[in-house]
Amino acid sequence: MIGRISIAAAALAYGSAAVGSSTSVPPVKHWSIDDIATTPVVTDILLTNGRQSIAYVVRAADVAQNAMVSTLWIADINGRKRRLLRSSSIEQLRKIPGSSDWSVLADLGAGIQLYRVTTKGRATPIAAHDPAVGFGNSDHSVHSIIYDAPKKIGISSYGWSPDGRWLWYAVLKEMPDKREVRFDEAITPEFNVRRPPIDAEVEYHLRDQEGQDRIIARRPVSDRIALYFGGNISWGPSALRYEMENVAKDGQSRFVSASVDLASGVTKDLPDPPSSPFLPPPVGPRGGRLITVGFGQSRQLFEELESGRRIAYGRAGFLLDDLRAAGSWRSVDGRMSLIGVRTINRPRYALLRVDEHSARLIDDPNSFTKCDFAADLSVGACVREGLAKAPELVLVRPKERRITVIAPVSERHSAITPLRITAKEWTNKLGYFASGFVVWPRDYVAGRRYPAIVITHGSDADERFARQDIQWNYPAQIFAEEGYVVLLINDPAPSQSSLLSKAYEQWSTGTGNLVPDEMQKLIWFNSIYSYEVAIQNLVAVGIVDPKRVGIAGFSRGAQLADVAITRSCVFSAASSGDGSYLEPYAYSWMQQSYNAIFGGSPFGPALSKYKEISLSLRANDASGPVLRQLATPLAGAIDIYRALRAADVPSQVSFYPGESPISDETHLFHVPTNRIEAMGENLAWFDFWLRGRRSAEMPFPARYATWDAMARSWPGQALKPNHCSSPTRSQ
């Protein structure tokens, strides 16, 4: 637990630094909502041109165009940048072996196809498929879990052999529309689906150096490895290996592998399934796979050889299996590996250097989020960023552990004066710790109490710059500019305990022997206890006003905000984003996980367990007003809204549309105007209910009349003593 003295000391130190300004300090450049909406994300990076240049793709919002766009840039090692290509989509930037050119998947007017791109930005087709297939949350499309604008895809994935002689690529093909009556389990997957998907398949092609293509296999789009990863191929001297997901009628997945002989094109099944189907395990300097074993402080790093022997490298204060990490590489001589990892304490994305003798972090207080290294791992190009550091291009020399700054990714964002941000850990009454960060008000003054907002989304609070996956449409930086203390808090990590890990596994698989009360305590109340400790500590040292605390979260964070507003006395307002998980209506859709956490259907004895954490069944216990922002009009979210209004609890549900009448907004909003308005609405909501004031950023000022009417009939704080017998009413 963070003690009172340490927090007070941090606050006083920050306060004295803020007051002690001088005339030599440059003028403050404040955050704006547009700054957050246009935050750049580097999606691909290459060290190229004899290690003298960096090619990279930036994904960002174009507010004027009201769309997300991708831009391919090149920068030399002296920081001079040049724009090469701009498109609605550019992805999978790769070197073409034996050439100075690159290859990309891009939409240059014919849907997403495979192109060769020169260092001058000239693009010529390599492989294409016509017609391209609709992909995304749109009519007549393959449904996607990627939160982006609807697109047309011809080529979905590809890979070059190391010698450049062979090209593997995946074609997305629409299947003929059968237009037939369907029955029973053929219909149930479309429960809660707003727009029925089309049927399609992924077709694998192998092209030789003469340009001759072979069709190797066809896979259904239910195979996520095929649809999103192109088979996760790996090349050998005379064959390649790819992986598959076979989905049974009961929804269970089985992962298998196959090999393709390059000369003959003959495919055969392999006896060994993939050890990690969506993220191949990193390889150590001895050629074995790197793994971590154990929990908490006893967690250790090993290299597991093919013989089964394990080489120990010591304590592992990091995770190897995070898809958001920078990647993994092994030097051409096999003597060193570099692994992108996520640290457990002060969460960030670091690089782990492993040789035959030791494993050491190339440490930095910020994150390395994208990297590409030379074959000998002597130097690499990376993107470095942090909560208070805009993304920048850097060169990393692993052996010397030396970092050289090349250029900012966005001059606009690098010019913003950083906010003060402090990494924290909080230990709750169950003994679990949660990591996170405190974002201090821009003009913090010691001795003054401030309103506070907890923002949460599972494990996404880390050293990345204004990332949408943690703060969604909650403008954390604007809250801080407007005088809020903002807490970005992670769930207690399952890696710290075998019991907690077991609970998360049972939640995922639906199998296990933990009873619903224990599951709810470990997966929901455990996090809420952490929020309470964090707020109570700040209240105890005079920083936060206990009557003006809100909570916000989307998806997983929406679950926690919904539970917190009826099971904790800490929060006086909430905003839940695009979620309704835990609501009874979803049982027929979520039977596996609902059985694990509730013990059965809500239409039987298990109903009592739903009443513990389902907001629509606990509306009378809500301790504050609740805003719901939706990308899809989820039935459970509407149930919550109606239940709260029936209980005279102020509530609003806001539905944000897609970019056209035939498409939807996505779970992570991709329509820039939607995101800008949703951020303004959240700021206005908390300003109104926690501070009693109107916000200049409110995009829908006519709604204030409705809020005023709800406020007049809402007893507010007067309810709390009737519900709370102690500082917390959670279990």
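The values are calculated or read from the model by the stated rules, or taken from the named source; none is laboratory data. All values derive from a computational prediction rather than experimental measurement. Virtual Cβ from ideal backbone geometry, glycine too; neighbours counted across all protein chains shown.
Annotations
- Annotation note: of VAL379, VAL383, VAL332, VAL396, the sole residue that is surrounded by fewer than 15 Cβ atoms within 10 Å (Cβ to Cβ), out of contact with any helix residue (DSSP H, G or I) (no Cβ under 9 Å at 6 or more places or on another chain) and of a type in the set (A, V, I, L, M, F, W, C) is VAL332.
- Selection status of VAL544, over 19 Å from the mean Cα position of the chain (by Cα), at pLDDT 95 or above and under 16 Å from PHE686 (Cβ atoms): yes
- So LEU319, is it touching a Lys or Arg at 6+ places or on another chain (Cβ under 6 Å) and touching a residue at least 40 places away in the same chain (Cβ under 8 Å): yes
- At least 2 residues being of a type in the set (Lys, Arg) and in contact with a strand residue (DSSP E or B) (Cβ under 7 Å, 6 or more places away or on another chain) is the threshold, and among the strands (runs of 3 or more DSSP E) wholly inside segment 337-398 not one reaches it.
- Sole residue being outside the structural domain of MET679 (by TED's automatic domain parsing), at pLDDT 95 or above, of a type outside the set (Val, Ile, Thr) and assigned to a strand (DSSP E or B), chosen from ALA110, ALA75: ALA75
- Condition met for VAL332 (assigned to a strand (DSSP E or B), β-branched (Val, Ile, Thr) and over 21 Å from SER498 (Cα atoms)): no
- Among the residues of segment 113-139, those identified as in a loop (DSSP other than H, G, I, E, B), surrounded by 14 or more Cβ atoms within 10 Å (Cβ to Cβ) and either free of Cβ contacts under 8 Å to residues at least 60 places away in the same chain or under 26 Å from the mean Cα position of the chain (by Cα) (or both) are GLY121, ALA128, HIS129, ALA132, GLY136, ASN137, ASP139.
- The condition of being farther than 18 Å from VAL649 by Cβ and either among the hydrophobic types (A, V, I, L, M, F, W, C) or at pLDDT 95 or above (or both) holds for only one of ALA552, ALA558, ALA596, that being ALA596.
- The numbered conditions (1) at pLDDT 95 or above; (2) among the aliphatic types (A, V, I, L, M); (3) in contact with an Asp or Glu (Cβ under 9 Å, 6 or more places away or on another chain) are all true for ILE155 except (3).
- Selection count, segment 220-259, where residues are hydrophobic (A, V, I, L, M, F, W, C) and over 18 Å from ILE146 (Cα atoms): 10
So that you can scan it fast, the table gives a plain yes or no per residue for (1) under 24 Å from GLY579 (Cα atoms); (2) touching a residue at least 24 places away in the same chain (Cβ under 8 Å); (3) in the same structural domain as ASP491 (by TED's automatic domain parsing); (4) not polar (S, T, N, Q):
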residue	(1), (2), (3), (4)
GLU518	yes, no, yes, yes
ILE523	yes, yes, yes, yes
ASN526	yes, yes, yes, no
ALA540	no, yes, yes, yes
VAL544	no, yes, yes, yes
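- Residue match in segment 288-311 (condition: β-branched (Val, Ile, Thr), within 30 Å of LEU167 (Cα to Cα) and surrounded by fewer than 17 Cβ atoms within 10 Å (Cβ to Cβ)): no
- Under the condition of being in a strand (DSSP E or B) and either of a type in the set (A, V, I, L, M) or surrounded by fewer than 24 Cβ atoms within 10 Å (Cβ to Cβ) (or both), the residues counted in segment 452-499 number 9.
- All conditions but one from (1) over 29 Å from the mean Cα position of the chain (by Cα); (2) under 19 Å from PRO277 (Cβ atoms) apply to PRO220; the one that does not is (1).
- ILE406 meets the conditions (1) at pLDDT 95 or above; (2) at positive phi in every case but one. The failed one is (2).
- Test: residue in segment 175-193 that is among the charged types (D, E, K, R) and either touching a strand residue (DSSP E or B) at 6+ places or on another chain (Cβ under 9 Å) or surrounded by 18 or more Cβ atoms within 10 Å (Cβ to Cβ) (or both): no
- Check on ALA200, among the small types (Gly, Ala, Ser) and closer than 27 Å to SER276 by Cα: yes
- Against the conditions (1) within 30 Å of GLU665 (Cα to Cα); (2) at pLDDT 95 or above, ARG449 satisfies every one except (1).
- From the options VAL256, VAL266, VAL260, residue that is hydrophobic (A, V, I, L, M, F, W, C), loosely packed, with under 13 Cβ neighbours inside 10 Å, farther than 28 Å from ARG353 by Cβ and at pLDDT 90 or above: VAL266
- Filter result (touching a Leu at 6+ places or on another chain (Cβ under 8 Å) and either among the hydroxyl-bearing types (Ser, Thr, Tyr) or surrounded by fewer than 21 Cβ atoms within 10 Å (Cβ to Cβ) (or both)) within segment 622-635: SER623
- Flag: PHE554 does not match the condition of being aromatic (Phe, Trp, Tyr), in the same structural domain as ALA476 (by TED's automatic domain parsing), crowded, with 24+ Cβ neighbours inside 10 Å and over 25 Å from the mean Cα position of the chain (by Cα).
- Filtered by the rule that a residue be outside any loop (DSSP other than H, G, I, E, B), among the basic types (Lys, Arg) and surrounded by fewer than 23 Cβ atoms within 10 Å (Cβ to Cβ), segment 658-694 gives a lone residue, ARG691.
- Filtered residues of segment 373-391 (kept if closer than 21 Å to ARG467 by Cβ and either modelled with pLDDT under 95 or over 20 Å from the mean Cα position of the chain (by Cα) (or both)): ALA381
- Check on GLY512, crowded, with 24+ Cβ neighbours inside 10 Å and either within 25 Å of GLN252 (Cα to Cα) or under 22 Å from the mean Cα position of the chain (by Cα) (or both): no
- Residue that is farthest from GLN496 (Cα to Cα) [pool: residues in segment 263-300 that are in contact with a Phe, Trp or Tyr (Cβ under 7 Å, 6 or more places away or on another chain) and part of a strand (DSSP E or B)]: ILE291
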